[in-house]
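S.K.: Please find one structure pasted underneath; my questions will follow.
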Amino acid sequence: MTARKTPRRPGARPFREPAPAERQRFRRTLLRWYDRNGRDLPWRRTDDPYHILVSEIMLQQTQVDRVLPKYHEWLGKFPSFHALAGANENAAVETWYPLGYNIRPRRLHAIAREAVARFGGELPSDEETLRSFKGIGPYTAGALMSFAFRKRAPILDTNVARVLFRVVVGRGDPKSHRMRKHLWKVSGLMVPHKRAFDFNQAIMDFGALVCSARKPKCEACPMAAGCEAFPFHPGNEVAGPIARARRRGIGT
């Protein structure tokens, strides 16, 4: 992908940003793929902030197929912030089983109580106030703004970061703080003014179904012609010193 470089810091290799024409091509290609291949998921058929928050917290470190039955069960038992806030925390943890990472239902319960106490059982729609809730970080705030409030907001979960890193950057440590900061910026540049909801859902699906972590489907990928990582090699996605050693043939 043709790109322009960000201002260079002394001693730091500049990262790449997609130029406007490449952003447009990426959006068109991704949305065309999504229109044909996007998954039909229940939280995509609602704009209820509570339902979307439940799905986002459940999907943290848990696969979609495990979340689906629990999502329906949870909403059947706790259909609103008011219902969850009025329940015992232990009941929330028990209902969460067997998804694991039990800090998640506790945080969700705390968010519900705060939403009821501060906002009458609603969630605010602005990033600053959303992030004032303990348990709502930058990704969850972006997801809520995009999926519940239909705003043009960037997101960066594991799948999104992987897609953007490979297509736009191609080499380096995708988990470094500096890279994550850059990928947040790229995500913000990529989100279109129209169909922002679909775009963000699409890039998550694309990362899950095509640009997967270990065995990406590069030969069938519609992004291949403009992808900086094509053809994929796992050695390109490691921390700096290790990557440099491997490129020099040390330890291989």
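The values are calculated or read from the model by the stated rules, or taken from the named source; none is laboratory data. None of these values were measured; they are calculated from a predicted model. Cβ sites come from the backbone with ideal geometry, for glycine too, and all protein chains shown count toward neighbours.
S.K.: Of the conditions (1) in contact with a Leu (Cβ under 8 Å, 6 or more places away or on another chain); (2) in the same structural domain as Ile52 (by TED's automatic domain parsing); (3) not in a helix (DSSP H, G or I), Pro174 fails just one. Which one is it?
M.R.: (2)
S.K.: Related question: Of the conditions (1) part of a helix (DSSP H, G or I); (2) in contact with a Ser or Thr (Cβ under 8 Å, 6 or more places away or on another chain), His109 clears all except one; give me its number.
M.R.: Against the list (1) part of a helix (DSSP H, G or I); (2) in contact with a Ser or Thr (Cβ under 8 Å, 6 or more places away or on another chain), His109 comes up short only on (2).
S.K.: Looking only at segment 49-108, which residues are among the β-branched types (Val, Ile, Thr) and farther than 20 Å from Asp205 by Cβ?
M.R.: Listed by number, the residues that qualify are Val93, Thr95, Ile103.
S.K.: If you don't mind, another one. Applying the selection to segment 124-161, what residues are of a type in the set (Val, Ile, Thr) and either over 17 Å from Arg27 (Cβ atoms) or at pLDDT below 95 (or both)?
M.R.: Once the filter is applied, which keeps residues that are of a type in the set (Val, Ile, Thr) and either over 17 Å from Arg27 (Cβ atoms) or at pLDDT below 95 (or both), segment 124-161 yields Thr129, Ile136, Thr140, Thr158.
S.K.: Oh, and also: Mind checking whether some residue in segment 238-248 is under 20 Å from Val160 (Cα atoms) and either touching an Asp or Glu at 6+ places or on another chain (Cβ under 8 Å) or modelled with pLDDT of 95 or more (or both)?
M.R.: Checking segment 238-248: at least one residue is under 20 Å from Val160 (Cα atoms) and either touching an Asp or Glu at 6+ places or on another chain (Cβ under 8 Å) or modelled with pLDDT of 95 or more (or both).
S.K.: Could you give every pair whose Cβ atoms fall below 9 Å, whose first residue belongs to segment 15-30 and is closer than 21 Å to Ala220 by Cα and assigned to a helix (DSSP H, G or I), and whose second residue is among the basic types (Lys, Arg) and modelled with pLDDT of 95 or more, counting only separations of at least 6 or pairs across chains?
M.R.: Matching pairs, first to second residue: Arg27/Arg195.
S.K.: Quick test for you: out of Lys181, Lys194, pick the one residue that is within 25 Å of Met58 (Cα to Cα), out of contact with any helix residue (DSSP H, G or I) (no Cβ under 9 Å at 6 or more places or on another chain) and either outside the structural domain of Ser80 (by TED's automatic domain parsing) or polar (S, T, N, Q) (or both).
M.R.: Lys181
S.K.: Now for a separate question. Consider Gly120 carefully, then state whether it is more than 23 Å from His193 (Cα to Cα) and either surrounded by 21 or more Cβ atoms within 10 Å (Cβ to Cβ) or without any contact (Cβ under 8 Å) to a residue 40 or more places away in the chain (or both).
M.R.: Yes: the conditions hold for Gly120.
S.K.: Out of everything in segment 65-92 that is surrounded by 16 or more Cβ atoms within 10 Å (Cβ to Cβ), of a type in the set (A, V, I, L, M, F, W, C) and in a helix (DSSP H, G or I), what residue ends up being nearest to the chain's Cα centre (by Cα)?
M.R.: Val67
S.K.: If you go through segment 46-64, how many residues are more than 16 Å from the chain's Cα centre (by Cα), in a helix (DSSP H, G or I) and touching a residue at least 40 places away in the same chain (Cβ under 8 Å)?
M.R.: 2
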